[in-house]
1. Tell me, what ³J(HN,Hα) does each residue in the stretch 21-37 have, in order and in whole Hz, if you take phi through Karplus 6.51 cos²θ - 1.76 cosθ + 1.60 with θ = phi - 60° and put x for Gly and Pro?
2. Taking θ = phi - 60°, what integer Hz values does the Karplus form 6.51 cos²θ - 1.76 cosθ + 1.60 yield along the stretch 49-66, in sequence order, with x for Gly and Pro?
3. Once the Cβ-Cβ distance between Ala98 and Asp24 is put in as r, and R0 is 25 Å, what FRET efficiency do you end up with, to the nearest 0.05?
4. What Kirkwood Rh does the stretch 22-144 have if only Cα atoms enter the pairwise 1/r average? Answer in Å.
5. Whole number in Å², please: accessible area per residue of the chain, 1.4 Å probe, ligands, DNA and RNA not counted.
6. Could you name the lysines in cross-link range of Lys183, using Cα to Cα under 30 Å and dropping any fewer than eight places away on the same chain?
7. Take the Cβ-Cβ distance between Ala212 and Glu257 as r, set R0 to 41 Å, and report the resulting FRET efficiency rounded to the nearest 0.05.
8. Using only protein heavy atoms and a 1.4 Å probe, report how much of Glu101 is accessible, in Å² to the nearest 10.
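The values are calculated or read from the model by the stated rules, or taken from the named source; none is laboratory data. Remember, it's a predicted structure, so these values are computed and weren't measured experimentally. Don't worry about glycine lacking a Cβ; one is built from the backbone with ideal geometry, like all the others, and counts go over all protein chains shown. With ligands, DNA and RNA removed, areas are computed over all heavy atoms of the protein, side chains included. Shrake-Rupley method; radii C 1.70, N 1.55, O 1.52, S 1.80 Å.
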Amino acid sequence: MFNTKLTHAVENFAALILPLSEKDLEREWIWKDHDKEGIRFACFVTLQELRHLAVELSALRPRRTSAQHILSQYHAAYMDLQAAIFGLSEEYADKVPAEGEWQVRRVYAHILSAEINFTITVRYALEKHRASLWTPERVSDEDEYRLAGMSEGEFRVLLDGPFEGMLAYHRNFHPAVIEEFSKVTDEELDLPSTFWEETRFPIQHRLHRYEAHYTQHTIQIDKTLAAIGNVPTESMRLIRKLYAAQAEAEGMTIGLEKTEPAMMLATADSMIERTNLISVLLK
């Protein structure tokens, strides 16, 4: 549902600056009247373009529903997680920080497992409420795997498999969840749902859990990366800011029948041109 060209443009720019040292970031790059800040300033120009895009998209769209607003917060948390692990190798993803502590791959498997289960819970509640068949019982094993779209064996293979496999699955799963739940009405947000707790929380609580759970375990990943010696460089910190700006812009398109492709494509083209120019300078 998100603009693929813009996504690729941000990813390619991030991949270009990821390996750069602070000295590399100081290499000459001129943008209009700015001729002293170096390549580092290209990150701030890109950041500003993405933030401007978010403002422009916000002005074009009608009021978001509460569900769409919650989903934009969920998307921002997803993008922060992706920025935190950007460029992480399988080797580092499997590196245990200390005895009894989880490695990044295991934390990510937990995040993805919870996200799939959150989604099953919301799908089940909506399905039953919309058919006027809701009861407080938990979802059955049969319905659980039906709503997950996979068997128990496939679920285990996914979570026990390679890090890159989980990332690839998540890249498709995440926007599909947003697209599906962007149609939830304000009235439906107040309807009860059943997970493992005795409390019957409303669907609104379940949607907010995506972001809260991400935040909890993205912090855990940050601490894990620091413990294995993968301390964030300046480039990595800049990428985190760029992903946050991208998330804000994309969040403005949630629930729209039609986004404004010309505006998004123009931002992507500007970024692609900048990436190409800087790649030449770095050769």
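1. Result, rounded to whole Hz: 7, 4, 5, 4, 5, 8, 4, 4, 8, 10, 10, 6, 8, 8, 10, 10, 7.
2. 4, 5, 5, 5, 4, 4, 5, 5, 5, 4, 5, 8, 9, x, 4, 6, 6, 4
3. Plugging the Cβ-Cβ distance into 1/(1 + (r/R0)^6) gives 0.15.
4. Value: 19.5 Å, from the Cα pair sum.
5. Details: 14400 Å² over 283 residues.
Heavy-atom SASA per residue in the chain reads 51 Å².
6. Excluding near neighbours in sequence, the set is Lys5, Lys128, Lys241, Lys258.
7. Working: r = 29 Å, r/R0 = 0.72.
Step by step, r from the Cβ atoms, then E = 0.90.
8. 110
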